[in-house]
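Written below as C-alpha cells is the structure these notes are about.
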Amino acid sequence: MNQPLTLADYMSFNLPLPAAKVPGHPATAVWDKVLPMDGRDMALEYCQSCHIITVVITQDRSKQAWLGSLNKPSHVQIKLNAAQRDALANYLVLNAAIPIDQVPEDLRAGGATY
C-alpha cells in the first residue's frame with residue numbers, strides 16, 4: 001500500500017472541508033461524520049457486498065478500467081456518486097494489485113458471489 005500517495009489522493013478529493021464540517025463548528029457534533037468515507041472503506045462497504053475482497057484488490061487496472069467497471073449496468077446501482085466513483089477508482093489504482101499470497105488467508109476464503 002502506498003500510504004503517502006493514498007493520503008494525498010484522499011485529501012485532494014475531500015479537502016478543504018466546508019465550514020460547517022470543521023471540528024469545533026456548532027454544526028459538527030461527531031468526528032466520524034466529519035470526513036467522507038475513504039477508498040478502503042468504500043471498497044469494503046460496496047465491493048465486498050457482492051464480491052470477496054480479493055476479486056477487487058488483486059486486480060492491476062488503470063483508472064479508466066476501474067471506472068469502466070463501476071459504470072457498467074451491474075455496478076451502477078451501487079450508491080456512489082460520480083466523485084465517489086472517481087475517488088474509489090483512484091484508491092484502487094494506488095492500492096490494488098496485491099499478490100494473492102500477500103492477502104491475509106481469512107480474506108482469501110470462499111469464492112465470489114457475483
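Computed from the coordinates by the stated procedures, all read-outs in this text should not be read as laboratory data. These figures come from a predicted structure and were not determined experimentally. No Cβ is skipped: glycine too gets one built from the backbone with ideal geometry, and neighbour counts run over all protein chains shown.
Annotations for the structure displayed:
- The shape of the stretch 44-89 can be summarised by an equivalent ellipsoid whose semi-axes, obtained from the alpha carbon gyration tensor, come to 15, 13, 10 Å from longest to shortest.
- Mean Cβ count within 10 Å, highest first, over the residues of peptides 92-99, 75-82: 92-99, 75-82
- With 0.36 nm allotted per residue and the present C-alpha distance subtracted, the D106-K63 stretch has 12.7 nm of extension available.
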